[in-house]
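What follows is one structure encoded as structure tokens, with my remarks underneath.
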Amino acid sequence: MSPLVLMSFRNLSRNRRRTLLALGAVVVGLCALTMIRGFVNSVRQAQLGATVYGTTGMMQIHRTGYLKNVLSNPLDLAFADTAELREKILSVKHVKALSPRLQFSGSLSAAEPVVAGAEAQTNSEPKTTFIAANAVDPELDRIVLPQFYTWLTAGKVFDTADAPSMVVHGDIAGPLGVGNVELNMSQPKELWPVLLTPDKDGSLAGEAIQVTGVIGSAVPTDKRLALAPLRTVQRILKMDGQITEYVLTLDDVARASDVQSDLVKILGPDFEVSRWDEIVPFIQELLSNIDFIFDIITSVFLLVIMLGIVNSMFMNVLERVREIGTMMALGIRRGYILALFVLEGAFIGSLGAFIGLGIGIGIVAIASKIGIPINAPGSTLKFMLHPFLTVSFLLRAFLLTSMGAALVSLWPAWRASRMKPVEALSAV
Amino acid sequence: MADQSAVSAGKARVGSQNIIQIADLKKIYQLGKTSVEALRGVNFSVAEGEFTVVLGPSGSGKTTLLNIIGCLDRATSGQYLLDGEDVSNRDFNDLAEVRNFKIGFIFQNFNLIPVLNVIENIEFPCLVRDKREERAKLRERVRAVCAEVGLERFMTHKPDELSGGQRQRVAIARALITEPRLVLADEPTANLDSKTSDQILELMQRLNREHSTTFLFATHDPRVMELARRTVRIKDGLVVPD
Ligand SMILES: Nc1ncnc2c1ncn2[C@@H]1O[C@H](COP(=O)(O)OP(=O)(O)OP(=O)(O)O)[C@@H](O)[C@H]1O
Ligand SMILES: [Mg+2]
């Protein structure tokens with residue numbers, strides 16, 4: 001109906017102030033929504049990234065029963081890290097890389113101060129701290145958990161799996177007196193702290209080890225976290241070639257479920273395969289909560305926007321009663337009157353959405369370039385958030401607003417189309 | 001219509017088809033508990049090609065009568081045949097089609113659509129039809145009608161850029177573009193000065209002669225009477241015999 005489209009469009013400029021107000025509400029609302037979405041996206045991505053690229057990986061493979069028994073005696077459920085097993089896992093579609101790990105616990109004790117001249121650290125009593133450590137092959141682990149390695153606050157991570165050194169969390173390093181990694185590295189072996197860990201049989205094994213790096217955390221993590229070289233730890237524990245888990249990264253985190261079932265098929269009942277969201281369900285819950293809150297905010301915004309449009313459209317209808325009567329006298333059908341006002345509402349909705357989203361995109365782009373620094377609760381590192389938007393969000397926001405506007409305009413439009421010609425014509 | 005003479009017994013005018021046939025038409029407005037009897041049994045008919053003036057004082061029921069004739073309102077009782085057809089039981093959209101194809105309206109306050117220019121206002125009734133004629137052909141007809149009513153120089157003006165007389169010319173052109181069987185004009189000159197009124201009246205009469213379109217013209221201005229070939233006097237909701 002080209003004359004209707006033309007009229008609806010021209011009617012927009014008829015009461016400019018009202019149109020601008022309704023349009024303004026849509027623009028401001030959608031702009032705000034876009035900004036919030038951009039920010040929420042970045043928080044989500046940061047949280048998800050810190051989890052799957054820095055903490056749990058996307059997937060983990062253990063011996064069956066491991067996760068249930070992890071607190072009692074994890075070493076009992078170790079298994080052989082063989083080339084065949086690795087190949088088997090890597091042959092599964094979407095699996096990009098794996099990192100073998102040996103999870104163990106133990107304690108780290110500062111060395112007894114030896115009499116070593118004036119500059120000797122005068123520790124009156126030896127200090128000991130418990131650690132929950134992962135023994136890893138740094139070359140493989142860096143590929144699977146790249147973000148973890150960016151959280152190093154001092155020093156460096158050991159380069160090889162048989163290095164005599166380890167990395168500990170900042171909260172351990174300080175009290176233990178090993179916070180200054182440069183000093184650590186310059187010290188003779190006698191002054192290195194000692195790593196003590198119970199082996200499979202329960203007898204303590206120990207070895208002096210150098211602390212070459214201090215790690216921070218960008219997400220709430222266990223403060224007892226430590227990272228040690230895989231082969232060194234295997235040697236200490238007399239568990240050559242044994243690991244407790246493989247940590248996997250996929251080419252697409254969304255494929256986790258498919259990969260999981262493929263792996264279960266290939267590996268059989270001896271192994272259990274867990275997705276990241278099964279390992280840390282609270283993170284997934286947190287993300288869902290963020291989405292839920294955003295959905296509520298969106299609904300409230302849209303509701304207010306739609307109320308604004310309905311109100312504006314009702315005023316439009318009331319102002320044009322005689323014109324509606326005239327059109328009826330000229331033989332316009334009810335459906336056309338309906339279409340006339342619905343189109344008008346849809347114009348306001350889609351035009352407002354277009355402008356609002358446009359401005360929102362601009363602001364999000366700038367914020368993304370600059371970055372928003374935040375301090376996550378329980379973290380020791382600053383996080384830089386880079387807001388971003390997805391095409392699907394923009395598309396949905398646009399369609400929802402323009403179609404919603406058309407839909408709510410049905411109400412005033414319907415009232416207009418139900419008017420009686422004589423009554424409408426005699427309106428002042 | 002075979003049975004048409006039966007309905008319009010006695011009132012049918014010999015030798016011509018009746019566009020309007022009304023018998024014992026009543027209209028009662030209900031206002032809460034009180035009711036106003038605006039038409040109290042009107043009988044009259046209008047033949048094709050006539051220029052009829054409905055003359056009556058304010059409140060006599062002219063507008064009520066024209067609204068019913070124009071299918072904008074329904075009578076409370078009585079019979080009304082438009083072009084031989086009883087339209088009293090049609091629904092809104094059917095009546096809209098009847099109005100669109102058969103009736104042209106000229107209003108006291110012009111009732112142009114303010115967002116449309118002169119051309120668009122005139123072609124509007126043709127554009128809301130299901131089957132629209134070719135754009136170029138329609139534009140050609142609009143141009144011709146504009147020329148007839150003397151609006152050639154104002155075709156792209158918006159209504160608010162026109163004088164009252166010019167606006168009424170647009171309304172007349174809009175009423176004629178559909179080539180209706182009947183044009184209803186309810187006090188079309190009431191908002192115009194006397195000179196402009198005369199021009200508009202003259203124009204309508206000329207169009208009546210040249211196109212033999214039937215005009216029904218309601219007014220309370222006895223001056224207009226002189227111009228009319230036929231006058232129907234109405235008073236207190238009843239036709240007053242000549
Ligand atoms: N919608 C309505 N509700 C109630 N009464 C009405 C309504 N419309 C008209 N009337 C009454 O019907 C009677 C006829 O009114 P109508 O408008 O037809 O007169 P008219 O001849 O057109 O008068 P005018 O010359 O002032 O336009 C009047 O008494 C009027 O008060
Ligand atoms: Mg009147």
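The values are calculated or read from the model by the stated rules, or taken from the named source; none is laboratory data. Keep in mind the model is a prediction, meaning the values are calculated, not measured. Virtual Cβ from ideal backbone geometry, glycine too; neighbours counted across all protein chains shown. Heavy atoms of the whole protein, side chains included, go into the accessibility calculation; ligands, DNA and RNA do not. Shrake-Rupley method; radii C 1.70, N 1.55, O 1.52, S 1.80 Å.
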task: Would you kindly state how much longer the chain becomes between B:E140 and B:E226 on full extension, computed as 0.36 nm times their sequence separation minus their alpha carbon distance, in nm to one decimal?
output: 27.4 nm
task: State the answer as a single residue: which of A:S392, A:G49, A:I243 lies farthest towards the positive end of the charge dipole of chain A, with beta carbon charges of +1 for Lys and Arg and -1 for Asp and Glu, about the Cα centre.
output: A:S392
- request: Out of all DSSP beta bridges with both ends in the protein assembly as shown, state the antiparallel percent to the nearest 5.
  value: 70 percent
- request: Evaluate 2.2 N^0.38 Å with N set to the residue count of the range B:106-208, then give the Cα radius of gyration divided by it.
  value: 1.01
query: Which of the lysines could a cross-linker bridge to B:K131, judged by Cα under 20 Å and excluding same-chain residues fewer than eight apart?
result: B:K102
query: Taking a point 7 angstrom from the Cα of A:I266 along the C-beta vector, which residues in the range A:48-69 have backbone N less than 19 Å away?
result: A:57-64
query: For the range A:56-279, what is the Kirkwood hydrodynamic radius in Å, using each pair of distinct C-alpha atoms?
result: 18.3 Å
- prompt: Roughly how crowded by other chains is peptide B:107-116, in terms of the mean Cβ count from those chains within 10 Å of each of its Cβ atoms?
  reply: 5
statement: per DSSP, antiparallel bridges as share of beta bridges in the range B:4-240, % nearest 5, sits at 55 percent
field: With eigenvalues of the C-alpha gyration tensor scaled by 5 and rooted, the range B:51-184, Å
entry: 28, 19, 12
statement: Phi-derived 3J(HN,Hα) across the range B:148-154 with the Karplus relation (6.51, -1.76, 1.60, θ = phi - 60°), rounded Hz, x for Gly and Pro, is 4, 9, x, 10, 3, 7, 10
- prompt: Taking the alpha-carbon set of the range A:148-305, what are its Rg and Dmax in Å?
  reply: 21.2, 71
message: Give me the extension gain from A:I370 to A:E84: residue separation times 0.36 nm, minus the current Cα-Cα distance, reported in nm with one decimal.
response: 98.3 nm
task: Calculate what fraction, in whole %, of the accessible area of chain A sits on carbon and sulfur atoms when a 1.4 Å probe is rolled over the protein chains.
output: 63 percent
- request: Round to the nearest 10 and report in Å² the accessible area of B:H211, as given by a 1.4 Å probe over the protein chains' heavy atoms.
  value: 90 Å²
- line: Partner shielding of B:90-100, as the mean number of partner chain Cβ atoms within 10 Å, equals 4
- prompt: How much area per residue is accessible in the range A:56-279 when the probe is 1.4 Å and only protein heavy atoms are counted (Å²)?
  reply: 46 Å²
- request: Report the label-to-label distance for A:F9 and A:H386 in nanometres (one decimal), using points 7 Å from each Cα along the Cα→Cβ vector.
  value: 4.0 nm
task: Return the calculated 222 nm mean residue ellipticity for chain B, to the nearest 500 deg cm²/dmol, obtained by summing -39500 (n - 2.57) across DSSP H runs with n ≥ 4 and dividing by the residue count.
output: -10000 deg cm²/dmol
- prompt: Structure shown: which of B:K27/B:K235; A:K96/A:K382; A:K68/A:K265 lie over 19 Å apart, alpha-carbon to alpha-carbon?
  reply: A:K96/A:K382; A:K68/A:K265
- prompt: Measuring from centroid to centroid over Cα atoms, what is the spacing of the range B:83-118 and the range B:25-47 in Å?
  reply: 21 Å
- request: Treating the angle as unsigned and between 0 and 90°, give the value, to the nearest 10°, between the Cα long axis of helix B:164-176 and the longest Cα principal axis of chain B.
  value: 70 degrees
message: Explain nothing, just the number: relative contact order of the range B:4-240, from Cα pairs under 8 Å at least 6 residues apart, as a whole percent.
response: 30 percent
- request: Take each of the peptides A:175-184, B:132-141, A:304-313, average the number of other beta-carbon atoms within 10 Å over its residues, and list them starting from the highest.
  value: A:304-313, A:175-184, B:132-141
- request: Give me the Debye-computed log₁₀ of I(q)/I(0) at q = 0.14, 0.16 Å⁻¹ for the range A:5-104, equal point scatterers on Cα only, no solvent, two decimals.
  value: -0.77, -0.90
field: Residue-averaged [θ]222 nm for chain A, counting only DSSP H segments that reach four residues, each worth -39500 (n - 2.57)
entry: -16500 deg cm²/dmol
message: Under a crude label model (7 Å from the Cα following the beta-carbon direction), how far is A:A205 from B:N93 in nanometres?
response: 8.6 nm
statement: Of all chymotrypsin sites (Phe, Trp or Tyr not before Pro) in the range B:12-91, the ones in DSSP coil with at most 11 other Cβ atoms within 10 Å are none
- request: Could you grab the relative contact order for the range B:20-74? Cα pairs under 8 Å, six or more apart, rounded to a whole percent.
  value: 30 percent
query: Tell me which lysines have Cα within less than 27 Å of A:K127's Cα, excluding those fewer than 8 residues away on the same chain?
result: A:K156, A:K189, A:K200, A:K223, A:K238
message: For the range B:4-240, place one equal point scatterer on every Cα, skip the solvent, and apply the Debye formula. What is log10 of I(q)/I(0) at q = 0.11, 0.16 Å⁻¹?
response: -0.57, -1.18
- prompt: Taking R0 as 25 Å, what's the FRET efficiency between A:Q45 and A:N289 from their Cβ-Cβ distance, rounded to 0.05?
  reply: 0.95
- line: Heavy-atom accessible surface buried between A and B, both sides counted, 1.4 angstrom probe, nearest 100 Å², is 2400 Å²
message: Tell me which of A:P146, A:G268, B:G56 sits at the most positive position along the dipole axis of the protein assembly as shown, charges placed on C-beta atoms (Lys, Arg +1; Asp, Glu -1).
response: B:G56
- request: Please work out the average accessible area per residue across the range B:4-240, using the 1.4 Å probe convention, and give it in Å².
  value: 44 Å²
- request: Once you have all Cα-Cα distances for the range A:351-428, histogram them in 10 Å bins from zero and send the whole-percent values.
  value: 15, 25, 21, 17, 11, 7, 4, 1
message: Starting from 0.36 nm per residue, how many nanometres of slack lie between A:E423 and A:E278 once their C-alpha separation is accounted for?
response: 45.5 nm
query: For the pair B:R233 and B:T34, what calculated FRET efficiency results from E = 1/(1 + (r/R0)^6), where r is the Cβ-Cβ distance and R0 = 35 Å, to the nearest 0.05?
result: 0.85
message: So, taking all protein chains as they sit and a 1.4 Å probe, how much accessible area belongs to A:M59, in Å² rounded to tens?
response: 0 Å²
field: Relative counts (whole %) of C-alpha pair distances in the protein assembly as shown, using bins that are 10 Å wide
entry: 3, 12, 16, 13, 9, 7, 7, 7, 8, 7, 6, 3, 1, 0, 0
Mean separation of Cα contacts under 8 Å, 6 or more apart, over the residue count of chain A: relative contact order %: 26 percent
